[in-house]
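**Student:** Mind having a look at this structure? Questions to follow.
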Amino acid sequence: MKTFNVILIFLLMETTSFAQLTQPTLPYAYNALEPYIDALTMEIHYSRHHKTYYDNTNKAIVGTAFEKMTLEQIIGAVDEQVPAAIRNNAGGSWNHDFFWACMAANAGGEPTGNVAIAIKAQWGDFAQFKEAFKKASLGQFGSGWAWLVVSNKELQIVSTPNQDNPLMPISKVKGTPILAIDVWEHAYYLKYQNKRADYVDQFWNVVDWKSVEKRYNEAVK
Ligand code: MN
């Protein structure tokens, strides 16, 4: 009888619980991007802001169809009908996973390979590309993101408000992100205060162009 109860409880647990989304480990140490992005900003950004997006996504999807989806599938389903709690928190979870992957220690410099050729074709040179990207970063009023995306095999710079991203059906501009910068104040305020432009200028020192190139090649396939 006792064994039967244990088995019954186990079966109930198996059929009623879904896998929760798990925040991936930061791919480098908090101080890896010093001095351009300071360790305390990274620690707070990853362990509090990013973690909270994951926690709140997991809370928001309980009892909904999203509970059975991967994070990518949720992002790909964000339309007008999706509650703000899911849109914002799933967006915050995905966007930061992506942002961490765009940066690395001992990175920066200029792009190489196919993405460098595409940037040159679109903007003339790397300096003009950086200007355009900076303009999008500074032009995003309030909180949001600037993105380099591949759209119809062409590069495009776009910005999104809050935690939206160009993969969401709700996004005005759509495309496959290959690079992003978080321009929420929490991403730079401790070190740069209100000087978002300085933060954007220093961002180039930590961009992992190797990973950008990989995503570019994948997106234009
Ligand atoms: Mn952020």
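The values are calculated or read from the model by the stated rules, or taken from the named source; none is laboratory data. Computed from a predicted structure; not experimentally measured. So basically every Cβ, Gly included, is an ideal-geometry build from the backbone, and we count neighbours across all protein chains shown. These area figures cover heavy atoms from the full protein model, side chains too; ligands, DNA and RNA do not enter into them. Shrake-Rupley method; radii C 1.70, N 1.55, O 1.52, S 1.80 Å.
**Student:** Within the stretch 140-154, does at least one residue satisfy the condition of being buried (at least 17 other Cβ atoms within 10 Å of the Cβ) and outside any strand (DSSP E or B)?
**Tutor:** As a first pass, look at the stretch 140-154 and keep what is buried (at least 17 other Cβ atoms within 10 Å of the Cβ): 140, 144-150.
Okay, now just the ones that are also outside any strand (DSSP E or B), so 140.
The answer is yes, given that some residue of the stretch 140-154 is buried (at least 17 other Cβ atoms within 10 Å of the Cβ) and outside any strand (DSSP E or B).
**Student:** Give just the number: which of (1) more than 16 Å from the chain's Cα centre (by Cα); (2) within 16 Å of the ligand (Cβ to nearest atom) does LEU138 not satisfy?
**Tutor:** Answer for LEU138: the failing condition is (2).
**Student:** Could you please find all residues in the stretch 82-96 being away from the ligand (no atom under 11 Å from the Cβ), of a type outside the set (S, T, N, Q) and closer than 18 Å to SER47 by Cα?
**Tutor:** Selection gives ALA90, TRP94.
**Student:** So which helices (runs of 4 or more DSSP H) are wholly in the stretch 156-221 and hold at least 3 residues that are open to solvent by less than 50 Å² (accessible area, probe 1.4 Å), β-branched (Val, Ile, Thr) and within 13 Å of the ligand (Cβ to nearest atom)? I'd like the intermediate steps shown before the answer.
**Tutor:** Details: elements: 189-192, 196-203, 209-220.
Because the criterion is at least 3 residues that are open to solvent by less than 50 Å² (accessible area, probe 1.4 Å), β-branched (Val, Ile, Thr) and within 13 Å of the ligand (Cβ to nearest atom), no helices (runs of 4 or more DSSP H) in the stretch 156-221 meet it.
**Student:** Follow-up. Among all residue pairs at least 6 apart or on different chains, which show Cβ distances below 6 Å where the first residue, located in the stretch 32-45, is without any contact (Cβ under 8 Å) to a residue 12 or more places away in the chain and the second is in a loop (DSSP other than H, G, I, E, B) and more than 14 Å from the ligand (Cβ to nearest atom)?
**Tutor:** Hits for this filter: ALA39/TYR30; ALA39/ASN31.
Let's see how each residue does on (1) within 16 Å of the ligand (Cβ to nearest atom); (2) more than 18 Å from the chain's Cα centre (by Cα); (3) closer than 18 Å to LEU21 by Cα:
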site: ASN58; (1), (2), (3): no, no, yes
site: THR70; (1), (2), (3): no, no, yes
site: ALA107; (1), (2), (3): no, yes, no
site: GLY144; (1), (2), (3): yes, no, no
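**Student:** Which residue out of ASP182, ASP164 is over 18 Å from TRP204 (Cα atoms), of a type in the set (Asp, Glu) and within 19 Å of the chain's Cα centre (by Cα)?
**Tutor:** Values: ASP182 fails: over 18 Å from TRP204 (Cα atoms).
After ruling out the rest, the residue left standing is ASP164.
**Student:** Moving on. Are there any pairs, at least 6 apart or on different chains, whose C-beta atoms fall under 6 Å, with the first in the stretch 148-176 and basic (Lys, Arg) and the second open to solvent by less than 10 Å² (accessible area, probe 1.4 Å), and if so, which?
**Tutor:** Hits for this filter: LYS174/PRO166.
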